[in-house]
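The values are calculated or read from the model by the stated rules, or taken from the named source; none is laboratory data. Nothing here was measured: the structure is a model prediction, and the numbers come from that model. Using ideal geometry, Cβ is built from the backbone for each residue, glycine included, and neighbour counts are taken over all protein chains shown. We work out accessible area using only protein heavy atoms, side chains counted, and drop any ligands, DNA or RNA first. Shrake-Rupley method; radii C 1.70, N 1.55, O 1.52, S 1.80 Å.
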Amino acid sequence: MSLHARLESALDAALSAACAPPAPPRLAHAMRHAVVPGGARIRPTICLSVAAACGDDRPALADAAAAALELIHCASLVHDDLPCFDDAGTRRGRPSVHAAYSEPLAVLTGDSLIVAAFGTLARAAAEAPDRSATLVTLLSRNTGMPFGICAGQGWESERDIDLAAYHRAKTGALFVAATQMGAAAAGQEPQAWEDLGALIGEAFQVADDLRDTLCDADMLGKPVGQDDRLGRPSAVSELGVQGALRRLDDILSGAIASIPSCPGEARLAGMVRAYADRLVPSAAQGRWAVPGE
């Protein structure tokens, strides 16, 4: 079974468990709206790819880790789109959850997806209890405070923003979770995989800043110009477009070099290069291949 098929099957199982009767129908529909169809699924694909590179001896646990990670990501998008944050009316080319279902249901959708993520890991714990405990720790660390995506959102409310900490938490945290959780699911030491996740996350943040500047809403399926409108720090405002593109190339080269020694090292390097080809410089001509986050 392909990594994509494994992930979609795991996500469907997670949503079916969370939305089973007697769940409120509109909230259940809103949760599925937030997750299906998905965007690029880049984070859980990285998670499964790292697990495969490390041997993937507990595939059911790796599938649960990838699904949990994607549920957290989808929850963050639901919350990001709320009027109190980005006030985005579209996501992935269709109405955002609050636009389609109401603001109260969007808040509950995001909250429920977070709970569903940890429930997914709990149900898979029998596969390898010690590894499952590590997965819960990694996901919680990279979701909440002080290092996770909640901290990243929190930095936007500060008068003085630590740009490195902001980007590390806002975007990098779930990429770090992706590489470390993939390794942990396969029984490997997760700490060695932190640099790869951090560098991929940094590259994705720079690429996202470029997309926000260079692309239009139809191309991305979501509002653009958000960084400038909301006065957020970005690689483009700091370095300019060409400087940001050079920075992106440097980061991706470092990411490939940081891959730890493992049985699937060459294949994993190829995967990172493939994502690099989708992120980098064709972007400068307005052709981005990773829409729909």
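Residue by residue through segment 255-268, note down the ones that are open to solvent by 30 Å² or more (accessible area, probe 1.4 Å) and outside any loop (DSSP other than H, G, I, E, B). Answer for segment 255-268, where residues must be open to solvent by 30 Å² or more (accessible area, probe 1.4 Å) and outside any loop (DSSP other than H, G, I, E, B): 256, 257, 265, 266, 267.
Screening the candidates 68, 62, 52 for the property of being open to solvent by 10 Å² or more (accessible area, probe 1.4 Å), among the aliphatic types (A, V, I, L, M), farther than 17 Å from residue 94 by Cα and assigned to a helix (DSSP H, G or I) yields one hit, 52. Here residue 47 does not fit the description of being over 18 Å from residue 134 (Cα atoms), buried (at least 24 other Cβ atoms within 10 Å of the Cβ) and not hydroxyl-bearing (Ser, Thr, Tyr). Residues that are part of a helix (DSSP H, G or I) and surrounded by fewer than 18 Cβ atoms within 10 Å (Cβ to Cβ) within segment 1-22 comprise 4, 5, 9, 12, 13, 16, 17, listed in sequence order.
Among residues of segment 259-272 that are at pLDDT below 90, those with a Cβ under 7 angstrom from a residue that is not β-branched (Val, Ile, Thr), sequence gap 6+ or separate chain, pair up as 271/49; 272/255.
Here's the yes/no breakdown for (1) open to solvent by 20 Å² or more (accessible area, probe 1.4 Å); (2) under 14 Å from the mean Cα position of the chain (by Cα); (3) closer than 28 Å to residue 268 by Cα:
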{"residue": "159", "(1), (2), (3)": "yes, no, no"}
{"residue": "164", "(1), (2), (3)": "yes, no, yes"}
{"residue": "173", "(1), (2), (3)": "no, yes, yes"}
{"residue": "179", "(1), (2), (3)": "no, yes, yes"}
{"residue": "182", "(1), (2), (3)": "no, yes, yes"}
{"residue": "193", "(1), (2), (3)": "no, no, yes"}
{"residue": "198", "(1), (2), (3)": "yes, yes, yes"}
{"residue": "206", "(1), (2), (3)": "no, no, yes"}
{"residue": "211", "(1), (2), (3)": "no, no, yes"}
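Considering the conditions (1) in a helix (DSSP H, G or I); (2) modelled with pLDDT of 95 or more, residue 146 is excluded by exactly one of them, (1).
Take residue 88 and decide whether it is under 20 Å from the mean Cα position of the chain (by Cα), of a type outside the set (Ser, Thr, Tyr) and farther than 21 Å from residue 11 by Cα. Here the answer is yes, as residue 88 does meet what is asked.
If a residue must be closer than 20 Å to residue 44 by Cβ, touching a residue at least 60 places away in the same chain (Cβ under 8 Å), of a type outside the set (Val, Ile, Thr) and surrounded by fewer than 19 Cβ atoms within 10 Å (Cβ to Cβ), how many such residues does segment 94-134 contain? Here the count works out to 3.
The residues listed here are 67, 10, 17, 60; of these, the one that is in contact (Cβ under 8 Å) with a residue 12 or more places away in the chain and touching a Leu at 6+ places or on another chain (Cβ under 6 Å) is 67. Per the listing 77, 113, 108, the residue uniquely assigned to a helix (DSSP H, G or I), touching a strand residue (DSSP E or B) at 6+ places or on another chain (Cβ under 9 Å), of a type outside the set (Ser, Thr, Tyr) and closer than 26 Å to residue 24 by Cα is 77. The combined condition, being modelled with pLDDT under 85, out of contact with any helix residue (DSSP H, G or I) (no Cβ under 9 Å at 6 or more places or on another chain) and surrounded by fewer than 16 Cβ atoms within 10 Å (Cβ to Cβ), is not fulfilled by residue 287. Scan segment 23-43 and tell me whether some residue there is closer than 23 Å to residue 135 by Cβ, among the basic types (Lys, Arg) and open to solvent by 30 Å² or more (accessible area, probe 1.4 Å). No, there is no match, as no residue in segment 23-43 is closer than 23 Å to residue 135 by Cβ, among the basic types (Lys, Arg) and open to solvent by 30 Å² or more (accessible area, probe 1.4 Å). Condition check for residue 137 on (1) under 18 Å from residue 179 (Cα atoms); (2) in contact with a Leu (Cβ under 6 Å, 6 or more places away or on another chain): one failure, at (2). Given the condition surrounded by 21 or more Cβ atoms within 10 Å (Cβ to Cβ), touching an Asp or Glu at 6+ places or on another chain (Cβ under 8 Å) and at pLDDT 95 or above, answer yes or no: does some residue in segment 227-244 qualify? No, that holds for no residue.
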